[in-house]
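Report on one structure; see the data block that follows.
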Amino acid sequence: MITVDAIKVEFGGTTLFDNVSFAINENDKIALMGKNGAGKSTLMKIIAGLAKPTSGAVSVPKERTIAYLPQHLLTEDNATVFEESSKAFATIFSMKEEMDAINEELTVRTDYESDAYMKLIERVSELSEKYYAIEEINYEAEVEKILLGLGFVRSDFNRPTSEFSGGWRMRIELAKLLLQKPDLILLDEPTNHMDIESVQWLEEFLINSANAVMVISHDRAFVDNITNRTIEVTMGRIYDYKAKYSDYLVLRQERRAHQQKAYDEQQKMIAETKEFIERFKGTYSKTLQVQSRVKMLEKLDMVQVDEVDTSALNLRFPPSPRSGQYPLTVSDLSKSYDDHVVFSNASLVVERGEKVAFVGRNGEGKSTMIKAIMGEIDFEGGLQLGHNVKIGYFAQNQASLLDESLSVFETIDVIAEGDIRTKIKDILGAFMFGGDDVTKRVKVLSGGEKTRLAMIKLLLEPVNLLILDEPTNHLDMKTKDIIKEALKDFDGTLILVSHDRDFLDGLVTKVFEFGNKRVKEHFEDINGFLAMKKMENLKDIERK
């Protein structure tokens, strides 16, 4: 369907990748993988036609359409949510308008034999063929279905897009993209601003209703559920696996083992050959053999072992000061903004050492509850922190609270204590601050880099109640794994707001669900909770 043919990309004398070729077929669901900086987003932009390779080409048949959702964008502010989403059908609407205008013109013209008249006939025939080939669509119903699936409610439809946060605007763009039903959907980190239910809905849509899909994502469960093929970008080339992500990890390990074996054998052969050359280079009877071996080494195609990130770091929180038995007790808590009730008479108790998740659709009160715990908002009802509770808090805007005048190293050096001071560069390296990055001022860092730095800072402070609000949005899989392992070993109490199921899996043992203006306690881990929710959703559909 779409072919990438021998593309090469160079930046400032550095080759990002070279001679990369592959085809994207109908119904391929591809995970584009590789470490940060490998060129995944660049490759996706080239396929989308938004960037050009140094050499090579991407071939897209004329009738095929590609839709691309980048990581960062802003919707225009001159329309409502419904109007902006309906722009997906702009091409079809303009086609109909042009047809109607030509037909109207043809009724009044009498120059039946002229070239101009014949051109109008040809044009209206061409438009009619395209227009009537499109299946009849109830546009309003399609827009409504997609918006509801992505987490909007009907009362949002007529609100201006300017009233929504960046995450919600991203969903509007995603709605427009899905409504176009393109032949290839390109998604760069689509789940960063979505709650669990919206991610599940998107999964089902991509599996059952989309054509070909290529996705870059750090949400391991999402990638595993939707993909049937994995393309890895590494060291300037690609490896193409007809396998989903988790199977690809096993195959990649096997590939590296084979490469390592071939590399070791070649190095042994090279050493033996060099030894032969050294021993006999002055011996007349061996001259031809020596020359032959020298030429062989010169022409040797060296075996390469693909890079692997070996910088494993066993990150540990400082020991927690002991708190009371119940670090948090909430009773009959209510919060409203004017006429909008966020939740009413919510009650929850978190025991010392528990690791719990706050889940639910966006706007149902998870972050509001945390702001109440942190004393940042007024509320009605009771909320009590236990004896000797010391809170470590990671807010979604945590990155903006860093001191921008400090360097990356200084930011951590200020708070590091004891043995950890000798490992600051190791810790920074594990969070992708390597080499000269440690001397950068915070003010020049990207949003994702600031998020990672704020996370390191939190990991080093001695607390006994950790509250993390969407901590994984800008983290790659390796960094998430490091933090997850550290949180598993954390001996204090953890409250985690997250839509990242893979991150929550094996980490939390209880779920508080926010929805319908109340908070419901579930005594299951995230998988048990999701299994139960799936059944509830089916019943909801049947009731409708």
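Quick notes on this structure:
- All positions within the range 93-109 that are closer than 15 Å to GLU122 by Cβ, over 50 Å from the mean Cα position of the chain (by Cα) and of a type in the set (A, V, I, L, M): LEU106
- Hits in the range 465-512 - residues which are of a type in the set (Ser, Thr, Tyr), at pLDDT below 85 and within 23 Å of LEU530 (Cβ to Cβ): THR472
- Tabulated pairs, the range 77-98, first under 13 Å from ARG169 (Cα atoms) and at pLDDT 80 or above, second open to solvent by 90 Å² or more (accessible area, probe 1.4 Å) and not β-branched (Val, Ile, Thr), C-beta under 8 angstrom, 6+ apart or interchain: THR80/ASN158; VAL81/ASN158; PHE82/ASN158; GLU84/GLU76
- Looking only at the range 395-445, and only at residues there that are in a helix (DSSP H, G or I) and of a type in the set (S, T, N, Q), the one that is surrounded by the most Cβ atoms within 10 Å (Cβ to Cβ): THR411
- LEU43 vs. criteria farther than 23 Å from MET432 by Cβ, outside any strand (DSSP E or B), in contact with a Phe, Trp or Tyr (Cβ under 9 Å, 6 or more places away or on another chain) and of a type in the set (A, V, I, L, M): no
- Positions within the range 207-222 being of a type in the set (A, V, I, L, M, F, W, C), open to solvent by less than 10 Å² (accessible area, probe 1.4 Å) and more than 16 Å from GLY151 (Cβ to Cβ), in sequence order: ALA212, VAL213, MET214, VAL215, ILE216
- The residues on offer are LEU184, LEU174, LEU202, and the sole one that is within 26 Å of THR80 (Cα to Cα), buried (at least 21 other Cβ atoms within 10 Å of the Cβ) and in contact (Cβ under 8 Å) with a residue 60 or more places away in the chain is LEU174.
- Single residue of the range 240-268 satisfying the filter (in a helix (DSSP H, G or I) and closer than 29 Å to GLU197 by Cα) that is most open to solvent (accessible area, probe 1.4 Å): ASP247
- Lone unmet requirement of (1) more than 21 Å from the chain's Cα centre (by Cα); (2) not in a loop (DSSP other than H, G, I, E, B) for GLU63: (2)
The values are calculated or read from the model by the stated rules, or taken from the named source; none is laboratory data. Because the structure is a prediction, the values reported are computed rather than measured. Quick reminder, even Gly has a Cβ in these numbers, built from the backbone with ideal geometry, and neighbours come from all protein chains shown. Just the protein is used for accessible areas: all its heavy atoms, side chains included, with ligands, DNA and RNA removed. Shrake-Rupley method; radii C 1.70, N 1.55, O 1.52, S 1.80 Å.
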